[in-house]
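**Q** Quick one: the structure is below, questions incoming.
The values are calculated or read from the model by the stated rules, or taken from the named source; none is laboratory data. Bear in mind the structure is a predicted one, so any value in this text is a computation, not a measurement. Here Cβ is always computed from backbone atoms with ideal geometry, including for glycine, and neighbour counts include all displayed protein chains. Surface areas here come from the heavy atoms of the whole protein model, side chains and all, with no ligands, DNA or RNA. Shrake-Rupley method; radii C 1.70, N 1.55, O 1.52, S 1.80 Å.
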Amino acid sequence: MQLRRYRVPADGRFRLRDYDSADCGGIQSKEEASKLLQRGVERLSELQDKLYAEDRWSILLILQAMDAAGKDSAIKHVMSGVNPQGCSVVSFKQPSNEELDHDYLWRTTKALPERGRIGIFNRSYYEETLVVRVHRELLERQKLPPSLITKRVWEERFGDINRFEHHLTRNGYVVLKVFLHVSKEEQRRRFLARLDDPRKLWKFSESDVAERRFWKDYQAAYQDAIRQTSTAHAPWYVVPADHKWFSRLVIAEILVDALEDLKVAYPKIDPAKRKALAQLRATLK
Ligand code: ATP
Ligand code: MG
């Protein structure tokens with residue numbers, strides 16, 4: 001797979017309309033995709049075992065998307081082969097009072113994965129430049145000193161996020177950011193499917209339908225956030241999400257590719273330790 005097609009260059013020129021939400025990367029069918037995903041999941045499992053054993057690096061995968069783009073099901077499928085001990089998934093919703101009593105990176109920082117783990121953020125501090133930008137009144141409720149809320153607030157947030165992510169990468173995190181790119185029409189179909197299927201009805205939320213009125217504002221906010229924060233150290237991937245089976249495949253590939261780049265391996269044992277182990281082995285025998 002040509003992952004480069006979905007990786008946003010760090011040149012500050014990103015335009016969402018250059019990315020097709022219905023792209024399937026030349027894969028013909030769901031069946032073909034499912035076989036490829038199976039292989040990806042197995043490879044991910046092997047690499048994750050080494051990541052854990054090495055205990056040096058950690059992977060932070062940030063998932064952002066409009067409602068019903070498939071974040072939850074991507075997590076379920078992509079991580080299906082991974083040892084639960086080696087990963088964490090944290091969802092970020094409207095901030096609590098305690099969270100609003102701190103800076104906006106506080107809650108996400110507390111939830112970062114430990115070394116050797118894969119951590120998934122289902123939404124993240126990027127919401128601070130997305131939903132909070134679209135619904136400006138949310139910013140007013142953040143208890144910030146008014147003199148600090150200036151016209152440059154979003155620019156400042158992008159700058160702070162870029163530096164924060166740089167700090168993470170200098171400390172052993174690999175930061176991968178995914179925008180699941182779904183079309184407005186496909187979102188409509190999925191909301192209808194939720195209404196029609198009793199097994200999906202619990203996922204339906206009236207406010208999701210209301211948020212569709214702000215679709216354009218969200219797309220503009222996403223475009224700007226991705227443009228300003230796709231960096232060499234923490235790239236964004238715009239993953240086509242009109243076909244869920246394809247987005248899962250791309251996400252699995254992003255993780256496998258990152259782990260392969262790290263060249264994770266089981267720790268080597270030095271000769272002295274090896275000798276000691278040989279003695280223990282003899283004792284056990
Ligand atoms: P689902 O796909 O199941 O709907 P979800 O991630 O949308 O999952 P919800 O509980 O529906 O989960 O919604 C979480 C909501 O919290 C989102 O609308 C998101 O924009 C909002 N949110 C997240 N972070 C913040 C924030 N910092 N400030 C305000 N709202 C936030
Ligand atoms: Mg929702």
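**Q** How many residues does region 201-225 contain that are in contact (Cβ under 8 Å) with a residue 12 or more places away in the chain, open to solvent by 40 Å² or more (accessible area, probe 1.4 Å) and more than 12 Å from ligand 1 (Cβ to nearest atom)?
**A** 3
**Q** Which members of region 222-261 meet the condition of being closer than 30 Å to ARG194 by Cα, of a type in the set (Gly, Ala, Ser) and away from ligand 2 (no atom under 16 Å from the Cβ)?
**A** Answer for region 222-261, where residues must be closer than 30 Å to ARG194 by Cα, of a type in the set (Gly, Ala, Ser) and away from ligand 2 (no atom under 16 Å from the Cβ): ALA225, SER247, ALA252.
**Q** Moving on. Say we look at region 195-210 and pick out the residues that are outside any helix (DSSP H, G or I) and out of contact with any Leu (no Cβ under 9 Å at 6 or more places or on another chain); which of these is nearest to ligand 2 (Cβ to nearest atom)?
**A** Taking the candidates together, the pick is SER205.
**Q** List pairs: first in region 183-198 and farther than 14 Å from ASP242 by Cβ, second open to solvent by less than 80 Å² (accessible area, probe 1.4 Å) and not in a helix (DSSP H, G or I), Cβ under 6 Å, 6+ apart or cross-chain?
**A** Every condition considered, the pairs that remain are ARG194/PHE204; LEU195/PHE204.
**Q** Enumerate the helices (runs of 4 or more DSSP H) found wholly within region 58-112, keeping only those where 2 or more residues are within 15 Å of ligand 2 (Cβ to nearest atom) and open to solvent by less than 30 Å² (accessible area, probe 1.4 Å).
**A** 71-78
**Q** Inside region 243-265, can you point out the residues that are under 12 Å from GLY70 (Cα atoms) and touching a strand residue (DSSP E or B) at 6+ places or on another chain (Cβ under 7 Å)?
**A** Residues satisfying the conditions are PHE246, SER247, ILE251.
**Q** Kindly provide the set of residues from region 39-52 that are over 20 Å from the mean Cα position of the chain (by Cα) and not acidic (Asp, Glu), ordered by number.
**A** Passing the criteria: ARG39, LYS50.
**Q** Continuing with the same structure: Within region 33-49, can you find the residues that are closer than 19 Å to ILE120 by Cβ and either among the β-branched types (Val, Ile, Thr) or open to solvent by less than 60 Å² (accessible area, probe 1.4 Å) (or both)?
**A** Correct list: LEU37, GLY40, VAL41, LEU44, SER45, LEU47, GLN48.
**Q** Anything in region 144-181 that is within 19 Å of the chain's Cα centre (by Cα) and in a helix (DSSP H, G or I)? List them, or say none.
**A** If the condition is that a residue be within 19 Å of the chain's Cα centre (by Cα) and in a helix (DSSP H, G or I), then ARG157, PHE158, ASP160, ILE161, ASN162, ARG163, PHE164, GLU165, HIS166, HIS167, LEU168, THR169 are the ones that fit.
**Q** Taking the condition part of a loop (DSSP other than H, G, I, E, B) and surrounded by 13 or more Cβ atoms within 10 Å (Cβ to Cβ), does ASP242 pass?
**A** It is true that ASP242 is part of a loop (DSSP other than H, G, I, E, B) and surrounded by 13 or more Cβ atoms within 10 Å (Cβ to Cβ).
**Q** Six or more apart or on different chains, Cβ atoms under 7 Å: show the pairs whose first residue is in region 85-113 and closer than 27 Å to ASP49 by Cβ and whose second is part of a loop (DSSP other than H, G, I, E, B) and within 16 Å of ligand 2 (Cβ to nearest atom).
**A** The qualifying pairs are SER91/ARG123; THR108/PHE92; THR108/SER124.
**Q** Moving on to the next point. Out of all the residues in region 174-200, which are open to solvent by 40 Å² or more (accessible area, probe 1.4 Å) and within 30 Å of ALA234 (Cβ to Cβ)?
**A** Listed by number, the list holds a single entry, LYS184.
**Q** Return a yes/no flag: does region 211-222 have any residue that is more than 28 Å from GLU165 (Cβ to Cβ) and assigned to a helix (DSSP H, G or I).
**A** There is at least one residue in region 211-222 that is more than 28 Å from GLU165 (Cβ to Cβ) and assigned to a helix (DSSP H, G or I).
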